[in-house]
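The values are calculated or read from the model by the stated rules, or taken from the named source; none is laboratory data. All values derive from a computational prediction rather than experimental measurement. Reconstructed Cβ throughout: ideal geometry from the backbone, glycine too, with neighbour counts over all protein chains shown. Surface areas here come from the heavy atoms of the whole protein model, side chains and all, with no ligands, DNA or RNA. Shrake-Rupley method; radii C 1.70, N 1.55, O 1.52, S 1.80 Å.
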Amino acid sequence: MRAVRATVDRLDRPSAYFNNARHKRRRFDKDQRDGDDDTAGMHPENREDDDPLKNATTLYVGNLSFFTTEEQVYELFSKCGEIKRLVMGLDRFNKTPCGFCFVEYYTHQDALDCMKYIGGTKLDERIIRTDLDPGFEEGRQYGRGKSGGQVRDEYREDYDEGRGGLGRAIAREREGKDFVDDGRLR
Amino acid sequence: MADYDRRGGGGGGRGGGGGGYNRKRRYRDDNEDDNHYRGNNSRRRYDAPPHVRLRKQLIAIAENPMIERHDEISQIANLFTDNWDDDVLLRGNFTDLVLQLCVEQPLKTPFLAGVLMVVNTNKPEAMDLLLEKAARLIEDKLREGGWRDVKLYLKLVGCLQGVLEGEGVFGVLGELFERAVGLQTASSEDTIGTEIVKIILLTLPYVMAAGSPEQVQQEWQQKAADLLENTAIIASEPHPLQAVIEPYHPEAGEENPAQSQSLISLLQAQLQAEAAQGWALSCLPRPWQFPVGEVETVAKLASAKKHVLPNIVIPKTVVRGPRPLFPEVYISVYGQQEVESVPPPTSLASSLIRDALLDTINVLHFNRNATARQLIEVDCYFAPRTFALRGTPFDRLRDIEKSKSTWKPEDVAVDAVFTQLFLLPNPEHKLVYYHSVLTEACKLAPAAIAPSLGRAIRYLYRNAPRMDLELAYRFMDWFSHHLSNFGFTWKWTEWVDDVELSGLHPRKAFIVGSIDKEIRLSFAQRIKNTLPEPYQKLIGPEKEKDVPDFKFANDDTPFAAEGREIAALLKRKAPDEEIDAVIQRIQSQAIDRDLDALVASTDVFVTCVLYVGSKSLSHVLAAIERTKDRLADAGAASDASRTQIIEAVMTYWSVHPGVALSIVEKLLNYSILTPLTVINWALNVQAGKTRGEALAWAHMYELVFNTVIKVTGRVRQLVVKASQPDEMVDDETRDNEVRNMRELFRAIEDSLGAWAGGTKDEMLESNARGEEDGLVRRWGTRWLRVFKRRQAIEEAFLVEAVRERERREEVRKEWEVVERQRREERERKEAEEKERNGANGAEEKKKENGVEGEVNIIE
């Protein structure tokens, strides 16, 4: 039976980002792995029975400062239940924190509660984002951006002190420009 | 962030769905489909179908203070009745949505009732449909023990009493009371009966507000008086468990306000006072009473069709439901003020407003933004002029005229959240939910909410010493978490004098504990910058080090060379034999020095594991994982050796107890430590070494509390599993765990009893320290109370688990009979009808089925 839609939106649903990304990833996976995933191509929302988040105990946590430590994450996220595993997101090249992590709980309910009560609140004075996740796999702890960090930190136009200043691609571009600008100003 | 913001922002319940569109669409250029879409303006601005508009308007009812309530109600009612014939989706959906709203957004119930009353003047069959569904839902919830839903549905039906024939809701309330009496006479410890009486008492005012003055006077007043006379006995009887859930725990002999009043006895008294004043019920909205100017509607309402409330079968046996029930007491963080900023406990408004707010808070746990919004807008949902203007500063309340209300909506809302945060034994949801509601409320209306929170904090701080220790800890945990969401700003200067107090003073303990928790969520230097100078010394330089010193780096430490050697071996993941050799050496040296060899080697080894893993929790967990066999062996070797494991952890991380506690938790999971070791170390070893001062440390309480919760959580899990036939949990495992749990509680009680009574060895030793020993005894007493309560709750859980299962079974059997009777009845009627009407009947039946089909369509 389909659940009745609540009169108020629920905060413990996966984000639009997840649903879109999943859709894309599946097509990608299919190409890459020659279609060994037999559920590939199905629209995620139409398939409740094979919803990978049905019993999800893991959360993706985003918008952390690069300086936020595991201990801080533990302290906050333990308020929703005992943490089974914590995997910090790392820069692919430097192996330094790059502003995200995966938190795994023992129960699905704890993960849902975390979405409701912790997602969108502050940790280390930054509003953090949580998203239900089908589970950590080796390799996912690394940033997928060109320069090793997260993709969003490549082209970010604002200056974010907690996440290495400007977006890296933009910073590089500006460095080049500055050189030209300098010449003209003089 | 865009994703998040969009989702969070849509939470007010106003937008309905939203958020589902594809972001990419906006950027896609030259799409044929898009062009077509943009080019055809008329298609874009088409009106949504009636059932969609109706849903939207109904959900948002009463939210907008700029709309006249009666206009809104008439409009919604007309939208419904105008489309009754054309839009088949509408009929079933409307009634379903009303019933869903009254359990999901209970503040809106009276306004929904208003819509229903107006609908009834035009399409009375809609009211029949609704009452039938409501009656069935109430029956379902009664069988499940869904007491809150029973109450919320009854509230709606109560608001409709004006169009009910005969006794209406009074009949149901009367029968419910019969059940309560049965339960209460069977056992003085019964809580279900009390819950039922609470529901009766909270429904009654809505019933009384539903009638015209004549109706109330002539028909209902006597019924209400009879009911109240009956409930008085149950409501005034203090429950044996009340002493356990008392939020304050004053010192013996201390001048203190009398024991808190139970919610139910207050409610009884408030209702009796209200009855004496002819049921004025001035805080309740009456949206079904239209202004005399609207002659037509008023006349229609007066002559509207009346309905029979369908029979509601109340099972002979009632179940407790999914949550344990406890007596409740009245608390407020805004008591004893010069101006009343919340309704006083003598006023019925205090119970009615709070009850509606608490239901809202606990029901809307899935969207804290929506909860916070409804809390802030509480004045929309009660009678006009119930509250002072939103955002009136507390200082200005005294300027308000005598005849007008000084109740600050912000204070009333914040007070309600705090009652949940400070509810013993546990609130319905995780404590962090209530934290998050306060955070959101503060974000939505900082200028209005923040000062109210500030006054609450001051009240709680003043009263922290006499609060139950569990609640004092919750206060500290909330306080530090809240500050972490608002830049760690607090007017610490006002508590500056308390910095000089002894570490044993509860207020000093609160300060120290809060700062530690703040640092755990942030870092020492940051927190230091937020504190005035006198507090700076509470954060020593060692707090700012990322990694604690390795004691074996210093040659003066015994076994320094061996310590460094083991650390080096662990770092390069050397084979076990190499480590064995060093450990052998430590042990033989220890014997030479007349030390416990096992304790000495355990200390060195554990400290080295911690040092090697000091970079982060992942590092230490990996280090423990690699060495878990050796650690387990060390733990199993002797009690002293096992105690040394926790001693080493707590010592190495003494400056950052948060880290130590996480490590202990994992060691418990690996069974390297046992719960008993943790308790013994905390309450005997560490507390002994500090002559009881450790009892004042928040992290010590946290350590013991977490350990106990871990053990009791496991027992509960096993008990629940054992009751399910397909789960393979044998009785022996369960009984073993139960025995261990009892043993743990006994050990806790023994130690704490000695501290509380001043008979602990360390206290009996020479040079007694009068004042300090007094404080230690007080800490012992407060601790003892917390864990005695935990024990009582767990024992009750074990007993209740069995009883509840039996009750469920009885209810199930009983219901089978009812269902069979109903089926037979229906079949008999159908047969009769067929016989009577012949061919005509068949057609009518078809029509009926049509309606039923529509009901099942959702949205």
Scanning region B:364-386 for residues that are open to solvent by less than 20 Å² (accessible area, probe 1.4 Å) and over 26 Å from residue B:429 (Cβ atoms) gives B:383, B:386
Is one or more of the residues making up region B:99-117 over 36 Å from the mean Cα position of the chain (by Cα) and open to solvent by 20 Å² or more (accessible area, probe 1.4 Å)? no
Restricted to region B:598-630 and to residues being open to solvent by less than 20 Å² (accessible area, probe 1.4 Å) and small (Gly, Ala, Ser), the residue nearest to the other protein chains (Cβ to nearest Cβ) is B:616
Residue hits (region B:79-131; within 12 Å of chain A (Cβ to nearest Cβ), within 18 Å of residue B:309 (Cα to Cα) and among the charged types (D, E, K, R)) are B:96
When every residue in region A:77-101 that is within 11 Å of another protein chain (Cβ to nearest Cβ) and out of contact with any Cys (no Cβ under 8 Å at 6 or more places or on another chain) is compared, the one nearest to residue A:167 (Cα to Cα) is A:97
Result of the Cβ filter at 6 Å on region B:63-86, keeping first residues that are closer than 14 Å to residue B:51 by Cβ and partners that are open to solvent by 70 Å² or more (accessible area, probe 1.4 Å), at least 6 apart or interchain, is B:81/B:122
Scanning region A:130-156 residue by residue, those touching a helix residue (DSSP H, G or I) at 6+ places or on another chain (Cβ under 9 Å), more than 14 Å from residue A:89 (Cβ to Cβ) and touching a residue at least 60 places away in the same chain (Cβ under 8 Å) turn out to be A:132, A:134
>> Quick check on residue B:215: is it outside any loop (DSSP other than H, G, I, E, B), over 30 Å from residue B:425 (Cβ atoms), open to solvent by 10 Å² or more (accessible area, probe 1.4 Å) and in contact (Cβ under 8 Å) with a residue 12 or more places away in the chain?
In response: yes
By my count, helices (runs of 4 or more DSSP H) wholly in region B:614-708 with at least 3 residues that are at pLDDT 95 or above and within 29 Å of residue B:541 (Cα to Cα) are B:617-637, B:639-652, B:657-669
Notebook entry, point to check: Does at least one position in region B:394-411 carry a residue that is in contact (Cβ under 8 Å) with a residue 12 or more places away in the chain and acidic (Asp, Glu)?
Noted result: yes
The residue that is nearest to residue B:650 (Cα to Cα), considering only those in region B:525-559 that are open to solvent by less than 50 Å² (accessible area, probe 1.4 Å) and within 12 Å of chain A (Cβ to nearest Cβ), is B:527
Picking from B:281, B:266, B:309, the residue that is in the same structural domain as residue B:122 (by the TED database), of a type outside the set (Phe, Trp, Tyr) and more than 26 Å from the chain's Cα centre (by Cα) would be B:281
Exactly one of B:224, B:280, B:235, B:299 is open to solvent by less than 30 Å² (accessible area, probe 1.4 Å) and within 17 Å of residue B:212 (Cα to Cα), and that residue is B:224
Across region A:143-163, the tally of residues that are open to solvent by 30 Å² or more (accessible area, probe 1.4 Å) and hydroxyl-bearing (Ser, Thr, Tyr) stands at 2
Over region A:106-150, the set of residues within 14 Å of chain B (Cβ to nearest Cβ) and assigned to a helix (DSSP H, G or I) is A:109, A:110, A:111, A:112, A:113, A:114, A:115, A:116, A:117
Picked from region B:692-715 (must be of a type in the set (D, E, K, R) and surrounded by fewer than 17 Cβ atoms within 10 Å (Cβ to Cβ)), the residue farthest from residue B:780 (Cα to Cα) is B:714
Exception for residue B:837 within (1) modelled with pLDDT of 95 or more; (2) among the polar types (S, T, N, Q); (3) over 30 Å from residue B:688 (Cα atoms) falls at (1)
Does residue B:706 count as touching a residue at least 40 places away in the same chain (Cβ under 8 Å) and either out of contact with any strand residue (DSSP E or B) (no Cβ under 9 Å at 6 or more places or on another chain) or closer than 27 Å to residue A:72 by Cα (or both)?
yes
